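Written below as structure tokens is the structure these notes are about.
The values are calculated or read from the model by the stated rules, or taken from the named source; none is laboratory data. All values derive from a computational prediction rather than experimental measurement. Cβ sites come from the backbone with ideal geometry, for glycine too, and all protein chains shown count toward neighbours. The accessibility values were calculated without ligands, DNA or RNA, using every heavy atom of the protein model including side chains. Shrake-Rupley method; radii C 1.70, N 1.55, O 1.52, S 1.80 Å.
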Amino acid sequence: YKGPDMLLEAARPLLESGALEIEMVGDGPMLEPLKAIQFKGVTWRGWMAHKDVQSVLKTCHLLSFPSIREFGGGVVLEAMALGMPPLIVDYAGPGELVQSAWGIKVPIGPRGAIVSQFQRELMALCADRSTLAPMGKAAHARIESHFTWERKADQIMQVYEWISSGGRAPEFF
């Protein structure tokens, strides 16, 4: 459900031309079959301790995450915290976390449509990478303004004040 096969299919022309490199982090039932295809330009990291993933993410410019069943999207927030814009499928948690100022969403749909949209977005970014840095800065700013522990505590206080006063519900997003 994480969609690594869709990402690799979408990225294949860019990988083969050398315009793109992918750091693939994680494991699961698709890892060995995908590694057997021997995609050029892909570094297979496999499972990594959570504390070590950041060292890989810090070397990247974009989180490509075509998951179609991701209800939380923690990895999206982690990438944004590092100033990395996400490219995601507009579904559930990731779809709620990403806006055009700090990331890219492709519509959920059939597999072929997701692959096609991811390929279009990756090709556009490889042709012009100038939007990545501003989106990365905006992604980091979004984390700072909404997802730090201090900010979450402020949000809890707003909810408490709303419940205790009967006033208007707070708007967090």
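Which residues, counting only those in the range 1-53, are outside any helix (DSSP H, G or I), open to solvent by less than 90 Å² (accessible area, probe 1.4 Å) and hydroxyl-bearing (Ser, Thr, Tyr)?
Once the filter is applied, which keeps residues that are outside any helix (DSSP H, G or I), open to solvent by less than 90 Å² (accessible area, probe 1.4 Å) and hydroxyl-bearing (Ser, Thr, Tyr), the range 1-53 yields only THR43.
Give GLY83, GLY95, GLY73 a once-over and let me know the one that is more than 21 Å from GLY18 (Cβ to Cβ), in contact with a helix residue (DSSP H, G or I) (Cβ under 7 Å, 6 or more places away or on another chain) and open to solvent by less than 20 Å² (accessible area, probe 1.4 Å).
From the options GLY83, GLY95, GLY73, the qualifying one is GLY73.
Does the range 58-74 include one or more residues that are at pLDDT below 95 and of a type in the set (Val, Ile, Thr)?
yes
What tally of residues in the range 100-119 results from selecting those that are open to solvent by 60 Å² or more (accessible area, probe 1.4 Å) and without any contact (Cβ under 8 Å) to a residue 12 or more places away in the chain?
Count: 2.
In this structure, is SER64 without any contact (Cβ under 8 Å) to a residue 40 or more places away in the chain and either surrounded by 15 or more Cβ atoms within 10 Å (Cβ to Cβ) or within 22 Å of ARG129 (Cα to Cα) (or both)?
no
Test ILE156 against the criterion of being open to solvent by 50 Å² or more (accessible area, probe 1.4 Å), without any contact (Cβ under 8 Å) to a residue 12 or more places away in the chain and either in contact with a Cys (Cβ under 8 Å, 6 or more places away or on another chain) or β-branched (Val, Ile, Thr) (or both), and give yes or no.
Yes, satisfied.
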